[in-house]
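First up is the structure itself, then whatever we jot down about it.
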Amino acid sequence: MPILSERLNQIKLDRNLLQKDIAEAVGVHVRTYQKYEKNERIPDANTIIKLCNYFNVSADYLLGLSDNPEKR
């Protein structure tokens with residue numbers, strides 16, 4: 001799912017966030033989060049929900065099903 005890793009990277013850069021802070025907020029190890037950004041690992045459904053809530057974006061946006069980041 002390369003679009004997921006691209007979106008995670010872009011949101012992080014746009015908002016000047018640190019990987020360690022994102023990882024802590026969603027309850028994963030920083031290395032696990034780094035693997036999400038490198039497309040080496042796909043987060044489970046619960047982690048995707050936590051990422052969406054943390055970033056305040058829709059799951060459709062994060063997963064590349066929509067280009068609109070707003071939640072409905």
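A short reminder: the numbers here are calculations on the coordinates, not readings from a lab. These figures come from a predicted structure and were not determined experimentally.
Hey, in the GNM for the chain with a 10 angstrom Cα cutoff, which one of ALA23, ALA59, ALA45 fluctuates hardest?
In the Gaussian network model the winner is ALA45.
Mind checking which lysines have their Cα closer than 17 Å to the Cα of LYS71? Skip sequence neighbours fewer than 8 apart in that chain.
Filter leaves LYS50.
Does the stretch 1-43 come out rounded, prolate or oblate by the C-alpha gyration tensor, with a ≥ b ≥ c the root eigenvalues, rounded set by a/c under 1.5 and, if not, prolate when a/b is larger than b/c and oblate if not?
oblate
Note down the relative contact order for the chain as a percent, whole number, built from C-alpha pairs under 8 angstrom at least six residues apart.
32 percent
Test of understanding: in a Gaussian network model of the chain with alpha carbons linked when under 10 Å, which of LEU13, LEU62, LEU51 would top the mean-square fluctuation ranking?
Between LEU13, LEU62, LEU51, it is LEU13 that shows the largest mean-square fluctuation.
Tilt of helix 2-14 relative to the longest C-alpha principal axis of the chain, in degrees (0 to 90, nearest 10)?
80 degrees
Would you compute, from DSSP H runs of 4+ residues alone, the mean residue ellipticity of the chain at 222 nm, taking -39500 (n - 2.57) per run and dividing by the full residue count, rounded to the nearest 500?
-17000 deg cm²/dmol
Which aspartates and glutamates, on any chain, are close to LYS20 with Cα under 14 Å apart, when same-chain ones fewer than 8 places away are left out?
Straight-line reach from LYS20, under 14 Å: GLU37.
Please list, ordered by chain and number, the residues whose modelled amide H lies under 5 Å from the amide H of SER66; skip anything fewer than 5 residues away on the same chain.
Long-range HN contacts for SER66: TYR61.
So what does the Cα-only Debye profile of the chain read at q = 0.25 Å⁻¹, as log10 I(q)/I(0), no solvent term?
-1.25
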